[in-house]
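> Shown below is the structure under consideration.
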Amino acid sequence: YILLQEDWLINQSGLTRNDPTNMQRAFSQAAASGKKIVFIPGCLTANISQSVSSCASDIGQGLDIAKNYWGNISMIMFDEPNINKTAMESFITGFNSIVSSKGLSLKPIGVNFTESQILNNTGYQASNMAEVGFEAYMDPAMQNDPNLVANLNNKINQLKAKIGNKPMFIVLQGYDRNGAWTNMNTLLSIQTPVYLKAYNDS
């Protein structure tokens, strides 16, 4: 299960949600399933780019609920921070301090990056990051290109080579890019290659 705190509980950048009851319910249902949980704490991308202090209050509220299911959580994840290696390490260190202040053990931290953030920035090189994620997304302008799948595979190979030997995860494009991708056949065609690129790489 992937649980995003911002779906229920957050107050940042004009986004306000205050539904701890249903966040608790979501954790309870996920734990009852017996599956591991990947928890994405309440810190929006723009705030990650500043510092952990910009969303420390939201993170603390989320951890107060998540702590009851801490044994079910396998990884903490953050999404698309456009920051360099030093800033990423500082953010993770700050987050871990909040976790420790709650009396909780530290969890592996994975961070998902866009293609541009991998190619043009250094955040993915943070030494205290357990796993590097990247998006295997394609430009909707390419949706009818006969070389679409080949281009996707080449992109994945390029990003994997740039990241190196660090453990990775790949985020596939499992949606129509907010309506911009209208060819459902080619959208289908770019799903399986992502799984194969993971399956064939230990």
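> For the range 6-34, which residues satisfy the criterion of being within 14 Å of S57 (Cα to Cα), under 19 Å from the mean Cα position of the chain (by Cα) and among the charged types (D, E, K, R)?
Of everything in the range 6-34, just one residue is within 14 Å of S57 (Cα to Cα), under 19 Å from the mean Cα position of the chain (by Cα) and among the charged types (D, E, K, R), namely E6.
> Could you check the range 177-202 and list, in sequence order, the residues that are within 14 Å of E135 (Cα to Cα) and either among the hydrophobic types (A, V, I, L, M, F, W, C) or open to solvent by less than 60 Å² (accessible area, probe 1.4 Å) (or both)?
Within the range 177-202, I190, Q191, P193, V194, K197, A198 qualify.
> Are there helices (runs of 4 or more DSSP H) fully within the range 99-202 with at least 3 residues that are of a type outside the set (S, T, N, Q) and more than 19 Å from the chain's Cα centre (by Cα)? List them. Working first, answer last.
On the way: elements: 115-120, 148-163, 184-189, 192-199.
Ranges flagged: 148-163, 184-189, 192-199.
> For the range 4-17, which residues satisfy the criterion of being crowded, with 16+ Cβ neighbours inside 10 Å and touching a residue at least 40 places away in the same chain (Cβ under 8 Å)?
Listed by number, the residues that qualify are Q5, L9, I10, Q12.
> Restricting attention to the range 59-98, and to residues there that are open to solvent by less than 30 Å² (accessible area, probe 1.4 Å) and part of a strand (DSSP E or B), which single residue is farthest from V38 (Cα to Cα)?
Only one residue tops the list, namely F78.
> Restricting the range 39-48 to residues that are within 22 Å of F169 (Cα to Cα) and buried (at least 16 other Cβ atoms within 10 Å of the Cβ), which is nearest to the chain's Cα centre (by Cα)?
As a first pass, look at the range 39-48 and keep what is within 22 Å of F169 (Cα to Cα): 39-45, 48.
Then drop every residue that is not buried (at least 16 other Cβ atoms within 10 Å of the Cβ), which leaves 39-44, 48.
Working: F39: 9, I40: 7, P41: 10, G42: 12, C43: 11, L44: 11, I48: 12 Å.
Step by step, filter the range 39-48, then rank; the result is I40.
The values are calculated or read from the model by the stated rules, or taken from the named source; none is laboratory data. Because the structure is a prediction, the values reported are computed rather than measured. Backbone-built Cβ (ideal geometry, glycine too); neighbour counts: all protein chains shown. The area values use the complete protein model at the heavy-atom level, side chains included, leaving out ligands, DNA and RNA. Shrake-Rupley method; radii C 1.70, N 1.55, O 1.52, S 1.80 Å.
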